[in-house]
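Reviewing the structure listed below.
The values are calculated or read from the model by the stated rules, or taken from the named source; none is laboratory data. All values reported here derive from a predicted model rather than from experimental measurement. Every residue, glycine as well, gets a Cβ built from its backbone with ideal geometry; the counts of neighbours run over all protein chains shown. Only protein heavy atoms, including side chains, enter the accessible area calculation; ligands, DNA and RNA are left aside. Shrake-Rupley method; radii C 1.70, N 1.55, O 1.52, S 1.80 Å.
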Amino acid sequence: MVPTKDKEKILTAIFWLLALIIVGILFSLIAYIAVRGLPGLSMDFILQAPSRAGKEGGISTTILGTLYLTAVALFLAVPLGVAAAIYLEEYARPDSKFAWLVNLTAETLAGIPSIIFGLFGFVFFVIFLGLGWSIISGALTLAFMVLPTITRTAQEAILSVPREYRENSLALGAGKWQTVCRVVIPPALPGIITGIILSIGRAVGETAAIILTAGSSLNMPLSLSDSTRTMSVHLYLLAMEGVSMERAFSTAFLIIILIIIINYLANLSLKRLAVNN
Amino acid sequence: MNNRTQEITVGTMDAAKLLAIRSFTRKNSTLGFNRDKLVETILMLNAAIFILAIAAISLFILIRGLPLIFKVGITDFLLQLEWNPTAGSFGIGTMLAGTLAVTLTALLWAVPMGLATSIFMVELAPPRIGTLMGSLVELLAGIPSVVYGFFGLIVIIPFIRNYLGGSGLSVLAGAIVLGVMILPTIINISRDAIAAVPLDYKVGSLALGASHYQSIRRVILPAARSGIITAIILGMGRAIGETMAVVMVTGNSTIIPHSILSPTRTMTSNIVLEMGYASGDHQAALFATGVVLFIFIVILNLVVNLTLKAGKNYGAN
Amino acid sequence: MNPKIKIKTSDISVFYKDFQALHGINMDIQEHKVTALIGPSGCGKSTFLRSINRLNELIAGTVIRGQIYIDASPVYCKEMDVVALRKQVGMVFQKPSVFPMSIYENVAYGPRIHGIKNREQLDEIVENSLKAANLWGEVGERLNAPAAGLSGGQQQRLVIARVLAVEPQVILMDEPASALDPISTARLEELIGELKKNYTIVIVTHNMQQAARISDYTGFFLNGELVEFSATNELFVNPRDQRTEDYITGRFG
Ligand SMILES: Nc1ncnc2c1ncn2[C@@H]1O[C@H](COP(=O)(O)OP(=O)(O)OP(=O)(O)O)[C@@H](O)[C@H]1O
Ligand SMILES: [Mg+2]
């Protein structure tokens with residue numbers, strides 16, 4: 001029989017190994033895509049418009065499309081989501097049925113897969129409201145998708161602000177809203193920003209919902225009613241339709257770089273929150 | 001911090017005192033009071049967006065999908081294996097099977113792996129390594145599904161084709177890619193649950209002479225059970241709903257998968273593959289597929305939110 | 001001479017859900033005097049203090065019965081503007097909690113809230129408040145530094161300056177010295193002695209020597225009741241109630 005001590009050593013080794021495998025998966029994925037994507041990545045690739053369905057040229061219009069969609073979606077979702085978080089944490093009574101329902105629906109919304117958002121966006125924005133396959137349809141759909149992230153991170157950030165700040169402010173004769181604006185939101189801001197950054201990540205990577213609502217036009221997006229294609233949608237079509245594997249790799253690599261930067265910024269911002277409170 | 005109920009029994013007040021109040025209250029006090037109330041109302045309306053969103057999503061998807069389900073018949077729609085929408089056959093049986101096969105196979109390896117990793121992060125790893133793992137898992141979670149799908153298409157499929165046979169486009173490929181994608185969900189939630197187990201439990205167990213691993217198995221994991229179940233269910237929800245990665249690696253044939261090497265089509269793939277050109281009943285059938293998916297997901301989420309998380313402080317309040 | 005009563009509490013009871021934390025407290029607090037509240041932990045001193053500026057109602061399920069009069073106007077009534085009340089009744093908490101902003105902004109917080117925008121006026125208020133709180137000498141040169149960088153004692157005086165800037169008439173202090181070192185405590189006590197010329201001060205303290213040193217009147221709380229309330233000398237030298245005597249001689253608590 002193996003002595004307990006040795007058994008535990010073997011178990012420990014297995015746990016380390018499993019953790020290493022996960023790290024290995026992550027790094028091999030990034031490294032592989034980097035190695036294959038780097039050669040095709042150039043200034044021209046970023047700045048030139050695609051031609052022949054992406055077989056030639058760069059991916060500039062898809063970068064712009066991604067930016068455009070993300071910006072509009074955040075413009076819509078951030079005020080709503082942050083306001084909802086402020087309401088839930090600062091105003092709602094703990095026994096409020098309404099707040100309970102909001103929290104429940106927010107959780108549910110967070111769990112809904114993007115394809116469902118895509119279907120909804122398609123039938124509601126594209127067809128019912130007649131907005132067509134367009135940036136505005138895509139952005140509205142995306143806004144719904146990132147709302148739970150924004151609200152939940154903002155809720156956590158607000159919750160992390162010491163209770164004493166509020167008491168002190170109120171004791172000085174500040175009103176509720178003054179207190180929220182002046183001593184609750186400022187220290188919570190890095191956390192709120194983390195939520196926004198994470199939402200940008202979600203927007204950059206989103207594919208299924210975007211195909212169904214914003215279409216996949218490769219033209220330069222000019223107005224909100226233009227159809228557009230994001231980098232992720234572009235990657236999907238390049239790979240699935242076998243247009244150009246080389247360009248698919250470079251696009252994938254660019255997306256990964258973006259996601260790494262976004263993750264880094266989100267962490268940075270979270271550390272700020274910890275310092276603040 | 002919230003405004004709370006209170007009951008104030010006001011003492012008897014004479015005219016002089018009432019007069020005194022007036023000098024004490026701000027001139028614009030009613031104005032100030034109203035502003036706070038107004039702000040509260042506006043914020044509350046904002047918060048209602050979540051209720052509206054869920055209501056609108058349910059409504060529009062059901063309206064588009066349900067009629068077809070009833071037309072075809074619920075059992076026929078769910079269990080018929082024939083999907084030939086242009087010829088009027090709307091059975092999603094093969095896709096239900098496909099979703100089930102891919103999801104379960106993914107859970108089969110991702111749950112133990114994720115659980116082990118979260119135990120590793122909380123209980124075994126030096127704190128610095130644990131934190132580092134945490135950031136790497138975040139990164140894993142941040143990588144878009146289409147990138148995973150692409151990686152699967154380029155690396156995993158040729159691998160399966162060369163070493164295991166078949167075309168490579170298969171349940172297995174889907175399960176591998178999906179498993180990686182749901183690892184962060186499983187790891188994060190079960191890690192939080194394990195970390196939340198009071199230190200006393202562990203100390204108590206160790207004091208009784210149990211080894212570290214015995215404490216983990218007999219004390220910590222049971223105490224973290226509901227969190228771990230939450231992790232598995234939410235991971236499952238994520239797997240069922242995942243689209244882009246799966247569509248890229250499973251081959252998408254509408255057949256019942258007979259082995260993990262056979263190709264398959266999931267419900268999500270079905271929608272994204274055909275939505276581009278579908279119309280009429282065909283389109284309605286895709287929405288109907290969405291209805292089934294939606295109901296699955298909502299049930300999973302409600303189970304988590306109403307039973308497992310109930311009484312716990314996830315999120316707000 | 002007939003001293004003026006600044007705060008009169010009439011039968012104040014406070015309930016946290018089912019738990020009654022205060023049982024019908026009657027107390028007359030005199031203007032320009034220091035009134036100390038002593039008693040074992042959990043006896044309701046903080047609850048009493050927080051009912052004067054209506055801070056208790058921020059806690060879920062709190063019910064308050066009875067009435068408090070400040071300058072003969074009732075505090076608990078519909079017409080009362082809580083904001084105006086809290087402007088007149090400042091509060092210093094146990095743990096100095098400076099806002100995460102500069103020293104200047106901390107002190108200017110209250111005046112700004114109450115609508116003062118003029119920079120010169122604010123400068124003046126900040127300077128005067130810091131001087132009154134005995135802090136000007138130490139921080140006058142670095143008003144724009146973050147307040148969090150000050151020492152605990154300095155932070156507590158900054159919090160007092162922040163309260164003074166709102167020009168209250170009453171200052172409630174809840175164990176303001178409990179987180180301070182002896183030197184900072186001595187400075188704080190000295191400051192309280194100066195402040196009482198212009199303010200009415202109610203202070204909760206666990207330190208009986210401190211109560212004896214700085215207060216004019218002392219109230220002894222036990223289990224939510226006001227056991228004894230009288231001039232400080234009298235209470236410490238000649239307690240009327242056996243429980244008071246037991247407490248101040250350290251026989252329990
Ligand atoms: N928010 C609350 N909810 C329920 N009970 C409370 C709450 N705050 C205080 N209590 C209870 O009311 C009683 C009085 O509390 P209070 O804080 O006024 O005591 P205290 O005399 O200030 O004590 P200490 O000297 O420790 O500060 C205590 O028994 C306390 O447990
Ligand atoms: Mg207290």
Give the ranking of A:LYS7, A:LYS176 by solvent-accessible surface, highest area first, calculated with a 1.4 Å probe.
A:LYS7, A:LYS176
Straight-line reach only, C-alpha to C-alpha below 28 angstrom: list the lysines that C:LYS117 could link to, leaving out same-chain residues fewer than 8 apart.
A:LYS176, B:LYS27, B:LYS37, C:LYS87, C:LYS131
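Provide the per residue accessible area, probe 1.4 Å, for the protein assembly as shown, rounded to a whole number of square angstrom. Spell out each step's value before the answer.
Details: 34940 Å² over 847 residues.
Value for the protein assembly as shown: 41 Å² per residue.
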How large is ³J(HN,Hα), in whole Hz, for each residue of the range C:134-143 in order, when computed from phi with the Karplus curve 6.51 cos²θ - 1.76 cosθ + 1.60 and θ = phi - 60°, using x for Gly and Pro?
6, 10, 4, x, 8, 10, x, 8, 9, 5
In whole percent, how big is the carbon plus sulfur part of the accessible area of the range A:124-179, probe 1.4 Å, protein atoms only?
65 percent
Sorting A:THR4, B:THR230 by accessible area (1.4 Å probe), largest first, what list results?
A:THR4, B:THR230
Estimated vicinal HN-Hα couplings, Hz - the range B:281-298 in sequence order (Karplus 6.51, -1.76, 1.60; Gly, Pro = x)
4, 4, 4, 4, 5, 5, 4, 4, 4, x, 4, 4, 4, 4, 5, 3, 5, 5
Wrap a convex hull around the Cα atoms of the range C:5-248, take a quarter of its surface area, and give that in square nanometres.
13.1 nm²
Take chain B, mark every one of the trypsin sites (Lys or Arg not before Pro) that falls in a DSSP loop and has at most 13 other Cβ within 10 Å, then report the longest stretch left between them, sites excluded.
B:28-311
Mind checking which aspartates and glutamates have their C-alpha under 20 Å from B:LYS71, skipping anything on the same chain fewer than 8 residues away?
B:GLU82, B:ASP281
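Under the rule of -39500 (n - 2.57) per DSSP H run of 4 or more residues, summed and divided by the residues of chain A, what mean residue ellipticity at 222 nm is obtained, to the nearest 500 deg cm²/dmol?
-23500 deg cm²/dmol
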Using a 1.4 Å probe on protein heavy atoms only, how many Å² of accessible area do A and B hide from each other, summed over both chains and rounded to 100?
7800 Å²
antiparallel share of DSSP beta bridges within the range C:5-248, to nearest 5, in %, is 60 percent
Tell me what chain C gives for mean residue ellipticity at 222 nm when only DSSP H runs of n ≥ 4 count, each as -39,500 (n - 2.57), the sum divided by the residue total, rounded to 500 deg cm²/dmol.
-10000 deg cm²/dmol
Nearest-0.05 FRET efficiency for C:ASN207 and A:SER42 at R0 = 45 Å, using Cβ-Cβ distance, is 0.05
What is the calculated FRET efficiency for B:PHE159 to A:LEU129, with r their C-beta to C-beta distance and R₀ = 30 Å, to the nearest 0.05?
0.10
Within chain C, which is the longest segment containing none of the trypsin sites (Lys or Arg not before Pro) that sit in a DSSP loop and have at most 13 other Cβ atoms within 10 Å?
C:18-77
Against the globular-protein guess of 2.2 N^0.38 Å, express the Cα radius of gyration of chain B as a ratio, rounded to two decimals.
1.38
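What is the diffusion coefficient of the protein assembly as shown in µm²/s, taking the Kirkwood radius over Cα pairs and the Stokes-Einstein relation at 20 °C with a viscosity of 1.002 mPa s?
The estimated diffusion coefficient comes to 70 µm²/s.
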Enumerate by residue number the chymotrypsin sites (Phe, Trp or Tyr not before Pro) in the range B:206-313 meeting two conditions: DSSP loop (anything except H, G, I, E, B), and at most 16 other Cβ atoms within 10 Å of the site's Cβ.
B:TYR277
Unit charges on C-beta of K, R, D, E only; dipole of chain B, Debye
900 debye
Considering every residue in B:59-65, what mean count of other chain Cβ atoms within 10 Å of its Cβ is obtained?
4
Near the amide H of C:SER102, under 5 Å away, which other amide H atoms are found, from residues 5 or more places off or on another chain, if H is placed in the peptide plane?
C:ALA147
Quick one: if the Förster radius is 41 Å, what FRET efficiency do C:ALA231 and A:CYS181 give, using the C-beta to C-beta distance and rounding to 0.05?
0.35
5 angstrom amide H check on C:ILE25, placed H, neighbours 5+ away
C:ASP11, C:ILE12, C:SER13
Which is the longest stretch in chain B that no exposed loop site breaks, taking sites as GluC sites (Glu not before Pro) with a DSSP loop state and at most 16 other Cβ atoms within 10 Å?
B:83-317
Whole-Hz Karplus couplings 3J(HN,Hα) for the range A:34-40, θ = phi - 60° and coefficients 6.51, -1.76, 1.60, Gly and Pro as x, run 5, 4, 7, x, 4, x, x
